[in-house]
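Visitor: Input: one structure, supplied below.
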Amino acid sequence: MKLLKRFTFLMCLPLLVLNTTCDDDDMADSSCGVPVVIDNSYYEMAVSSDFELIDFNINDDCLTVDIGASGCDGETWSLVLVDSGNVAESSPEQRFLKLIFSNNETCLAVLSQTRVFNLSSLRVEGTNEILLNIEGIETPLSYMYP
């Protein structure tokens, strides 16, 4: 009987440890792409290679963008979503962002990729909605959160 109790305890121990090392916030952040870079200097100085914004949408904390550009295979492409760090105090508040694309490939094929960005770092305390003014997108995107 003692052996059965020890075995049960040893089998349950890893589950207890795993349950205490993870909270809901960690799981929400990990399921949604790369974080937004909040850096005014980078926002002001960054130069982007040419690309086409094919499609975009916000779902929960995730901004998904589809882009197209010339290249060989797109393996070396870099796409960063940069926030200016400024919040316009309007109703709802507004943030200002740019997609910075880097492409060093010299092939002439036209390729597309989908990238996902985690917007949770853009939340403004005291509100549950902000407007995202992303350069190249005519209409601000509404980002709502709990």
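The values are calculated or read from the model by the stated rules, or taken from the named source; none is laboratory data. What you see is a predicted model, and the numbers here were worked out from it, not measured in a lab. Virtual Cβ from ideal backbone geometry, glycine too; neighbours counted across all protein chains shown.
Visitor: Evaluate region 92-101: report whether one residue or more is out of contact with any helix residue (DSSP H, G or I) (no Cβ under 7 Å at 6 or more places or on another chain), exposed (fewer than 15 other Cβ atoms within 10 Å of the Cβ) and either under 17 Å from residue 59 (Cβ atoms) or touching a residue at least 40 places away in the same chain (Cβ under 8 Å) (or both).
Guide: For region 92-101, residues out of contact with any helix residue (DSSP H, G or I) (no Cβ under 7 Å at 6 or more places or on another chain), exposed (fewer than 15 other Cβ atoms within 10 Å of the Cβ) and either under 17 Å from residue 59 (Cβ atoms) or touching a residue at least 40 places away in the same chain (Cβ under 8 Å) (or both): absent.
Visitor: Same structure again: In the set 65, 116, which member is free of Cβ contacts under 8 Å to residues at least 60 places away in the same chain and of a type in the set (A, V, I, L, M, F, W, C)?
Guide: 65
Visitor: Checking the condition of a type in the set (D, E, K, R) and buried (at least 17 other Cβ atoms within 10 Å of the Cβ), which residue from 105, 44, 125, 52 passes? Talk me through it step by step, then tell me what you get.
Guide: Values: 44 fails: buried (at least 17 other Cβ atoms within 10 Å of the Cβ); 125 fails: buried (at least 17 other Cβ atoms within 10 Å of the Cβ); 52 fails: buried (at least 17 other Cβ atoms within 10 Å of the Cβ).
Only one candidate qualifies: 105.
Visitor: Looking at the structure I just gave you, is residue 146 surrounded by fewer than 16 Cβ atoms within 10 Å (Cβ to Cβ) and modelled with pLDDT of 95 or more?
Guide: No, not satisfied.
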